[in-house]
Amino acid sequence: MKLLIDIIGWIGSIMVIAAYGLNSYQKIKSNSLVFLLLNLVGGIFLIIYSVYYTAYANTFINVVWVIIAVPAIIQLIRKKK
């Protein structure tokens, strides 16, 4: 189980960093579905990882990260309809 959690944590970290990097170099926009999904899924994976290791400060920031991403995705989907 520990190995799976570690893999989830690494994937989450890579996703969040990828979103930030791609946005910083203007490869994706901050209001794109790709950017928002990378942040959402990456944040969820990091929540799983930090809860497993009882790193609650890290859990808190990732919960906020996800709370920001979800309404942004909903807004983007509504705008496209």
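Per-residue Karplus couplings for the range 33-40, computed as 6.51 cos²θ - 1.76 cosθ + 1.60 with θ equal to phi - 60°, are listed in order as 4, 4, 4, 5, 5, 4, 5, 5 Hz, Gly and Pro entered as x. Using a Gaussian network for the chain with springs between C-alpha atoms less than 10 Å apart, which of these wobbles most: A19, A57, A69? The residue with the greatest mean-square fluctuation here is A57.
Which value at 222 nm does the chain reach when only helices count, each DSSP H run of 4 or more adding -39,500 (n - 2.57), with the total divided by all residues and rounded to the nearest 500 deg cm²/dmol?
About -29500 deg cm²/dmol.
Under a model in which nothing but the beta-carbon of Lys, Arg (+1) and Asp, Glu (-1) is charged, the chain shows a dipole of about 480 debye around its Cα centre.
Karplus-based coupling profile of the range 10-16, in residue order and whole Hz: 5, 4, x, 4, 4, 5, 5, with θ = phi - 60° in 6.51 cos²θ - 1.76 cosθ + 1.60 and x standing for Gly or Pro. Note on log10 I(q)/I(0) by the Debye sum over Cα atoms at q = 0.12, 0.24, 0.26 Å⁻¹: of the candidates (1) -0.35, -1.18, -1.31; (2) -0.30, -1.17, -1.33; (3) -0.35, -1.06, -1.15, the value calculated from this structure sits at (3).
GNM on the chain, alpha-carbon springs under 10 angstrom: the most fluctuating residue among F45, F60, F35 is F60. Placing R0 at 22 angstrom, the Cβ-Cβ distance between I77 and K27 gives a FRET efficiency of 0.50 after rounding to 0.05.
With protein chains left intact and a 1.4 Å probe, residues in the chain average 71 Å² of accessible area per residue. For the chain, modelled as a GNM whose springs connect Cα atoms under 10 angstrom apart, the maximal fluctuation among L22, L36, L46 occurs at L22. A 1.4 Å probe over all protein chains sorts L40, L4 by accessible area into L4, L40, starting with the largest.
So between W10 and I61, what do we pick up on full extension, going 0.36 nm a residue minus the alpha carbon distance?
On the way: separation 51, 0.36 × 51 = 18.36 nm, distance 1.65 nm.
Here the answer is 16.7 nm.
Of the heavy-atom accessible surface of the chain (probe 1.4 angstrom), what whole percent is carbon and sulfur? Let's see the in-between values first.
On the way: 4200 of 5730 Å².
So the carbon and sulfur contribution to the accessible surface is 73 percent.
Bridgeable lysines around K80 (alpha carbons under 18 Å apart, same-chain partners fewer than 8 residues away excluded): K29.
The values are calculated or read from the model by the stated rules, or taken from the named source; none is laboratory data. The structure presented is a predicted model; accordingly, all values stated were derived computationally and were not measured. Note that each Cβ is placed from the backbone with ideal geometry, even for glycine, and that neighbours are counted across all protein chains shown. Protein only, heavy atoms only, side chains kept; ligands, DNA and RNA dropped before computing areas. Shrake-Rupley method; radii C 1.70, N 1.55, O 1.52, S 1.80 Å.
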